[in-house]
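As structure tokens, the structure follows; a few thoughts come after it.
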Amino acid sequence: MRPVIVDYDMVTAFGRGVNLCWENLLSGQTAIKRLSRFNTQNFQSQSAAAIEGLKVDTDESLVMQMLKPLLENRVITQDSFLVLATTTGEIEILERALLNNQGDYKKSNPNYLLDKVKDLIGVKSAVTISAACSSANTALGFAGSLISSGRQDCVLVVACDSISEFVFSGFSSLMALDKTGARPFDENRAGLSIGEAAGFILLMSAERAKKEKRNSLSELIGWGLSNDANHMTGPIRDGGGLALAIEAAVMRAEIQKERIGSICAHGTGTLYNDSMEMKAFKSVFENSLPTYSIKGATGHTMGAAGLIEAIIAIESLKEKVVPPTVGLRDVDDEAKGWVSNKTQKFDKDIVLSVNAGFGGINAAVLLQG
Amino acid sequence: MPRCCCKDKAKSIIVKGAAWINQANYGTTEKKILGSYNNIDDLYVKLKQEKVFLFPVKNFARFDFVSKMTCCLVALALGDANIAYQKDCKQNIGIIGTNSQGAVEANREYFKDYVVNGRKSSRANLFIYTLATSPLAEAAIHFKLHGPLFYESSFDISFSRLLQDAKGILRGSDMQNILVVENDQEKSACFVLSVDESVKGVSCG
């Protein structure tokens, strides 16, 4: 059975809605700015792409504040299978327990969040998928497998992660943050900017979508997962792991690579990630493709990144244009001819979106318009 | 056009080997190994001496407890399945895992350390274990497993559910083997699922 995408929505630091993010990306805007949620003076950077209006001193977690407006009153049938992608979920529960002796830190277990999301949308079956910063793309691949194998015919992939002192301090300790804001594929890039986001993609078998008269917005035609088997925090330098994931996605899709029109890169803005990606792309594709990263605009939204980027990739398919890579000023030699700080047009009907995370986890998805 | 060798629902999948560790004992199913140990570092030394680990695990002493246990478990399971591994040769083997707590205890250890130290700096070596996939990734790095790697959980997830998902991944790929791991602090188990029909084993449907 073919998995098709019938609905999606998201919230990023640009605000609620796909169009808002898409338009801001096209016009080269960034949502990265000085962060006021907690004290950042001791950290490597003081900036992040935070969603305005989220309340930190309430019982409702940041990710639930993001998800509720997206998922309430959606048409999602009870027999849908929920796949939740996240890295830290409701981590502020643990923060409060340890900082203020308030509540039980064990309630930060993402399974509690999974139950809340289940209750919110009224489905019965669900799992959390976690694969570091490749969580959402892995979840999409997992959903694709469930549908193509006939085990499920409707899967809702929900992804979310928030900016927390927990995560911010961690990336700062790894010296992974760019003081001035992420500059993916720039020769002077110095690290990532943290962001937060939530979103969902509803997938159905083509048969069920037809039966329910749901429009197919895109088809998930391929997915590939791999591991570098090399290092916990750094990617393998030659991009071999990511290339494997891309090749696996192409094999599953049973397409010729020449049909792929553009690449939504992971593009964190770290020295090693961006270099690794370019090596992977060049090892897989004979000719350059319009390639971009949205993380200089939305920040690195961790467990939500792959989902947000898949949605943006679908938008790019509609208009056959990729957005400029925000933050990019001087293109790194390795990325020349591929990545640009201007929009780039393409004329194919398939796009690739990739992620790479800690532990060497790689995930690639292919979407067809 | 590339031909996909995957999507083969008819692939026969067997359990090629399995291992378990609880708080005092460990064992395997095919080779019927059974042993006891005092603590996880002792177990590692013992498994090295018995050549279950074919070469030392880099930085083992720095791993968190679950990562140490996961590496011991995978060493036992691969040995039970007669799958050899080498330092410089990666294998297309996947590893998926579950447990009841995710990374909650590692998260607590990391953030507590950060708070105790005045919220000014934190320890990167603790931060890297704040992902539920970190123990699986440590195993993948040592045993050179370059197939899919992810963590899956829910309050009502069963090991059989995880086995079903692993079978689905095997059937939809060109991999020959995938490891299915449950790595709780108190007890852990690892099954090696294989599509190799010639290998003697127990059919898991």
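Observations, loosely collected:
- The alpha-carbon atoms of chain B, seen along their principal axes, cover 58, 41, 37 angstrom, with the largest extent given first.
- Here segment B:133-159 is scanned for amide nitrogen atoms under 19 Å from the site 7 Å beyond the Cα of residue A:112 along Cα-to-Cβ, giving B:153-157.
- Cβ-Cβ distance of residue A:46 and residue A:20, R₀ of 22 Å, FRET efficiency by 1/(1 + (r/R0)^6): the value works out to about 0.30.
- Partner shielding of A:334-345 amounts to 0, given as the average count of beta-carbon atoms from other chains within 10 Å of each residue beta-carbon.
- In this simple spin-label model, placing a label point 7 Å from the Cα along the Cα-to-Cβ direction at both residue A:7 and residue A:29 gives a separation of 2.7 nm.
- Eligible aspartates and glutamates near residue B:16 by straight Cα distance, threshold 14 Å, same-chain separation 8 or greater: B:30, B:80, B:196, B:197
- Likely footprinting exposure, A:186, A:238, A:333, fewest C-beta neighbours within 10 Å first: A:333, A:238, A:186
- Rg over Rh, two decimals, segment A:1-105 (C-alpha only, Kirkwood Rh): 1.02
- Virtual paramagnetic centre 7 Å along Cα→Cβ of residue A:347, amide N under 17 Å, in segment A:302-339: A:317-322
- In order through segment B:24-41: 3J(HN,Hα) via Karplus (6.51 cos²θ - 1.76 cosθ + 1.60), integer Hz, x for Gly, Pro: 10, 10, 8, x, 9, 9, 7, 8, 6, 6, 9, x, 10, 8, 9, 8, 5, 5
- Highest mean first, the peptides A:88-101, A:112-125, B:63-76, A:129-142 sorted by other C-beta atoms within 10 Å per residue fall in the order A:129-142, B:63-76, A:88-101, A:112-125.
- Number of partner chain Cβ atoms within 10 Å, mean per residue of A:103-109: 4
- Helical mean residue ellipticity (222 nm; -39500 (n - 2.57) per DSSP H run of 4+; nearest 500) of the protein assembly as shown: -9500 deg cm²/dmol
- Peptide B:65-77 has a mean of 0 when you count, residue by residue, the C-beta atoms of other protein chains within 10 Å of its C-beta.
- Using distinct alpha-carbon pairs, which all enter the 1/r mean, Kirkwood radius of chain A in Å: 20.1 Å
- Remark: spin-label model distance residue A:68-residue B:174 equals 4.9 nm, labels positioned 7 Å along the Cα→Cβ axis.
- Cα Rg, Dmax, segment A:3-211, angstrom units: 17.9, 56
- Distance (nanometres) between label positions extended 7 Å along Cα→Cβ at residue A:78 and residue A:272: 5.0 nm
- Normalised by 2.2 N^0.38 Å, where N is the number of residues, the C-alpha radius of gyration of segment A:218-368 stands at 0.93.
- Calculated FRET value between residue B:45 and residue B:116, using beta carbons and R₀ = 22 Å, to 0.05: 0.10
Values quoted throughout were computed directly from the atomic coordinates according to the rules given, and no laboratory measurement underlies them. Since the structure is predicted, the reported quantities are computational estimates derived from the model, not experimental observations. Neighbour counts are summed over all protein chains in view; Cβ atoms, including those assigned to glycine, are modelled from backbone coordinates with ideal geometry.
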